[in-house]
1. What is the one condition in (1) within 19 Å of E109 (Cα to Cα); (2) touching a Ser or Thr at 6+ places or on another chain (Cβ under 6 Å); (3) at pLDDT below 95; (4) surrounded by fewer than 16 Cβ atoms within 10 Å (Cβ to Cβ) that L205 does not satisfy?
2. Here is a list: K119, K81, K112. Which entry is at positive phi and not hydroxyl-bearing (S, T, Y)?
3. When the residues of the range 186-199 are narrowed to those that are of a type outside the set (A, V, I, L, M), assigned to a loop (DSSP other than H, G, I, E, B) and open to solvent by 30 Å² or more (accessible area, probe 1.4 Å), which ends up nearest to S10 (Cα to Cα)?
4. Hey, among L230, L239, L275, which residue is of a type in the set (A, V, I, L, M), in a loop (DSSP other than H, G, I, E, B) and under 23 Å from D111 (Cα atoms)?
5. What pairs can you find where one residue is in the range 75-86 and of a type in the set (K, R), the other is open to solvent by 30 Å² or more (accessible area, probe 1.4 Å) and not in a helix (DSSP H, G or I), and their Cβ atoms are less than 7 Å apart, with a gap of 6+ or different chains?
6. S222 fails exactly one of the following numbered conditions: (1) surrounded by fewer than 18 Cβ atoms within 10 Å (Cβ to Cβ); (2) in a loop (DSSP other than H, G, I, E, B). What is the number of that condition?
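The values are calculated or read from the model by the stated rules, or taken from the named source; none is laboratory data. Worth saying up front: this structure is predicted, and the values here are computed from it rather than measured. Don't worry about glycine lacking a Cβ; one is built from the backbone with ideal geometry, like all the others, and counts go over all protein chains shown. Only protein heavy atoms, including side chains, enter the accessible area calculation; ligands, DNA and RNA are left aside. Shrake-Rupley method; radii C 1.70, N 1.55, O 1.52, S 1.80 Å.
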Amino acid sequence: MASIDPKQLSTSKLHGYLLSAVAPRPIAFASTVDSDGNPNLSPFSFFNVFSTNPPILIFSPSRRVSNNTVKHTLNNAEATKEVVINVVNYDMVHQVSLASTEYPEGVNEFDKAGLTMQKSDLVKPFRVAESPVHFECKVNDIIKLGVEGGAGNLIICEVLRMHIDDDFLDENDAIDQKKLDLVARAGGSFYSRARKGFFEIPKPLSSLGIGIDNFPDFVKNSMVLTGNDLGMLGNVEALPSKESVEAFVKDLAARYPNIKTATHRQKHKLARNYLSFGDVQSAWKILLS
């Protein structure tokens with residue numbers, strides 16, 4: 001067995017060991033606003049429940065290892081002392097991953113991830129309508145664990161109000177864990193699905209994904225593509241060129257001779273098939289054909 005002194009490792013190497021070994025971890029999909037009311041949305045896997053009376057949740061936005069800067073969520077929580085923590089289930093996990101992209105300050109991740117802002121009852125940050133459970137919280141304290149890259153910041157949140165989608169409650173008003181179908185984070189690009197076990201989602205591009213708000217309307221408003229499908233499509237740096245679409249469709253016609261006359265619905269179903277194999281570029285070329 002390897003015995004390791006954490007002080008002898010680079011921060012990034014230690015980070016990888018810790019996140020792979022301490023897993024799976026629940027995800028806090030944290031919604032905040034800045035002092036001017038601009039919304040921000042970001043997931044954090046340093047998260048759990050720590051008390052029932054009072055009801056306390058704690059999550060920790062770490063300082064970035066690469067340049068020792070802090071996340072907008074931390075700045076907003078310090079400025080407004082309010083946050084909404086939304087839980088993450090499988091039906092929305094690709095959109096949550098897309099929202100983790102490091103967009104510039106002022107960019108609304110709700111729009112980028114194609115998620116719906118729902119007004120809260122008691123706090124200013126918006127709830128994520130697609131999430132099955134929301135916690136409106138006040139920030140009781142923020143404990144800074146260090147000043148170097150990788151240092152955590154414990155945001156101690158007291159739950160003021162909970163919202164639970166009725167579809168996930170059983171006949172006894174208890175949460176049905178199988179229906180809830182939560183997901184959790186592990187190391188690297190791995191996630192865990194409560195009902196199924198491990199699966200993998202590629203991390204968002206280091207460059208910025210275009211986001212769902214930049215989709216053509218006929219894709220954004222699809223009656224076939226799911227939120228996860230849209231999340232995968234939104235994590236491309238640019239749409240394929242007209243020339244590449246035409247070349248792809250020409251080759252595809254050998255297998256699907258009716259592709260040029262197919263309806264949007266038929267193309268969306270075919271694109272979903274490609275997305276199920278992780279082939280996002282081909283899916284886009286079909287949608288744009």
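1. (2)
2. Testing whether each residue is at positive phi and not hydroxyl-bearing (S, T, Y) leaves just K81.
3. Once the filter is applied, the top-ranked residue is G188.
4. After applying the criteria, what remains is L239.
5. If the second residue must be open to solvent by 30 Å² or more (accessible area, probe 1.4 Å) and not in a helix (DSSP H, G or I), the pairs left are K81/K138.
6. (1)
A quick yes/no check of all residues on (1) in a strand (DSSP E or B); (2) out of contact with any strand residue (DSSP E or B) (no Cβ under 8 Å at 6 or more places or on another chain):
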position	(1), (2)
L98	no, yes
L122	no, no
P125	no, no
V139	yes, no
E148	no, yes
V159	yes, no
N172	no, yes
A184	yes, no
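Residue-by-condition table, conditions (1) open to solvent by less than 70 Å² (accessible area, probe 1.4 Å); (2) farther than 26 Å from T11 by Cα; (3) within 19 Å of the chain's Cα centre (by Cα):
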| site | (1), (2), (3) |
| --- | --- |
| T52 | no, yes, no |
| H72 | yes, no, yes |
| V107 | yes, yes, yes |
| F110 | yes, yes, yes |
